[in-house]
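Okay, so here's the structure we're looking at.
The values are calculated or read from the model by the stated rules, or taken from the named source; none is laboratory data. Since the model is a prediction, treat every value here as computed from it, not as a measurement. Backbone-built Cβ (ideal geometry, glycine too); neighbour counts: all protein chains shown. Remember, those area values only see protein heavy atoms, side chains included, never the ligands or the DNA or RNA. Shrake-Rupley method; radii C 1.70, N 1.55, O 1.52, S 1.80 Å.
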Amino acid sequence: MARTTGDPAKRQKCIARIKFWRRSRVGSEYVHALEKYYPIPNTNLSLYLNSITLGILKYKVVSNKSQRFQFSKINAFLRRAVRDDYRYSGSFQEAIKPVLIIAQIFALMPVRGIGSKLAEDLTFAWSSARTYYALAMMISFGITSGYIVAFMTNISFDFDSVETMVFYGSIFLISMSFLQLATRWPAIAQEWQAVETKLPPLRLGKERRSLAHHIKMITLVATTCSLVEHLLSMTSTMTYSVACPRWPGHPVDNFLYFNFATVFHFVDYSTFLGLLGKVINVLSTFAWNFNDIFVMAVSVALASRFRHLNDYMQREARSATTVDYWMQCRVNFRNLCKLCQVVDDGISTITLLCFSNNLYFICGKILKSMQTKPSASHTMYFWFSLTYLLGRTLVLSLYSSSINDESKRPLRIFRMVPREYWCDELKRFSEEVHMDTVALTGMKFFRLTRGVVISVAGTIVTYELILLQFNKEETTAFTCENA
């Protein structure tokens, strides 16, 4: 028998402790590894304990390295929510998050890191799944537009074909504009964050969550209305496909065919191509509506930053103020003006597409409003679509013009300052506010002020008066030629 060292009683206690430790960890992966590589020896228990400790550390390091990559994302998703997850910081990056998520669902704005509250985490890469998805859909929109142009020039040149061509052509331009914006968005977001950190802090929780809740409500209402509009459109298409089936007894194929009939004039129909066409149609419809949602969200965010600075100045306007106070306010105001310019340089193309599309389709629907609709489903879809389009354009115009309204509001605040606290810095500040025109633009063709709302409304009313004089009522019966 091998010779043992040390006190036998102490040795028995050590062995008992080791066995207890092993029994308490039955099923552990570490125990199985220790049983294999570190059996309990009859001698030198101190060396055994040292080696077993080293073995645990080595095994944990190797195991963690092999499993860290596999479970890091899962653990981040399944981790217990903490209090900070429900706190609002009041930042733009936090507020715009749901809008960017919806954008990526519809193959727009392929920016990585949108779930973070920090602008530094935003990146753009051409070699990412988001970018490939956006490029694939952009190419699909372009191919669809090409087929519609071929149909319009070779088969049928009428108002409906031109309207379809304008719709898909604008969607193709919108997808290109958002892809271009995605390459610049991380820099814009970081510039925005830098300006926000220099503004007076938001004191109340209500103030910090106000912007995020406002943008969420805009997104929810607009997306819901867009969904209802698309369902009504599908209902009208189903009505036509049932009344005038291309293949009797195949309602699904009839619906998919008429949904993309212009393209299937050149391409042989198949169920797969029909489903693909429906996917393109859904994505293009929601992308068309999202265009306005994005401009509204950015406009609300910019206006809220000007409003926050104005409220801060208004609280102190009647009090004893110093030159340094107004100098700091003027610097913050100039920073916001520069931020508005940076944002406008990035989204001016999108803004132009928003207003030009809305004006064109409003005029087109007003033209069709004089015609009798072939069915109740067509009537419901038409009037809901026209009402939603008019309301969306009005809200977009008011939100966009609010930036200019808030940038001029300091002039009213300056009148509240007592004469004894008036200074040269305040006079310089007043002249800058009076001379500058701070607003979003449509590629510098027009500025989004309240005057634009009146101009758009006047154009629509003028167009409708002309239509009332020259339009003759058409389409009095439901036929397969006019449905």
Let me spell it out: the conditions are (1) open to solvent by 20 Å² or more (accessible area, probe 1.4 Å); (2) in contact with a Leu (Cβ under 8 Å, 6 or more places away or on another chain); (3) at pLDDT 90 or above; (4) not aromatic (Phe, Trp, Tyr), and Val453 meets all of them except one. Which number is the exception? (3)
Please enumerate the residues belonging to the range 392-435 that are in a helix (DSSP H, G or I), free of Cβ contacts under 8 Å to residues at least 12 places away in the same chain and not acidic (Asp, Glu). Arg412, Arg419, Lys427, Met435
Do you know which of the residues in the range 312-325 that are assigned to a helix (DSSP H, G or I) and within 21 Å of Leu202 (Cβ to Cβ) is most open to solvent (accessible area, probe 1.4 Å)? Arg315
So for the range 372-388 (the condition being among the hydrophobic types (A, V, I, L, M, F, W, C) and surrounded by 19 or more Cβ atoms within 10 Å (Cβ to Cβ)), does at least one residue qualify? no
Filtered residues of the range 257-293 (kept if more than 29 Å from the chain's Cα centre (by Cα) and part of a helix (DSSP H, G or I)): Tyr257, Phe258, Ala261, Thr262, Val263, Phe264, Thr271, Phe272
Here are some residues: Ser177, Ser140. Which one is open to solvent by less than 20 Å² (accessible area, probe 1.4 Å), of a type outside the set (A, V, I, L, M) and either closer than 25 Å to Ile293 by Cα or part of a helix (DSSP H, G or I) (or both)? Ser177
From Thr271, Thr239, grab the single residue that is open to solvent by 60 Å² or more (accessible area, probe 1.4 Å), of a type in the set (S, T, N, Q) and modelled with pLDDT under 90. Thr271
Checking the condition open to solvent by less than 10 Å² (accessible area, probe 1.4 Å), over 27 Å from Ala222 (Cβ atoms) and at pLDDT 90 or above, which residue from Leu302, Leu309 passes? Leu309
For the range 180-201, enumerate the residues that are open to solvent by 20 Å² or more (accessible area, probe 1.4 Å), within 24 Å of the chain's Cα centre (by Cα) and of a type outside the set (D, E, K, R). Gln180, Thr183, Ala187, Gln190, Gln193, Ala194, Thr197
Given the condition open to solvent by 20 Å² or more (accessible area, probe 1.4 Å), closer than 26 Å to Ala303 by Cβ, acidic (Asp, Glu) and in a helix (DSSP H, G or I), answer yes or no: does some residue in the range 154-170 qualify? no
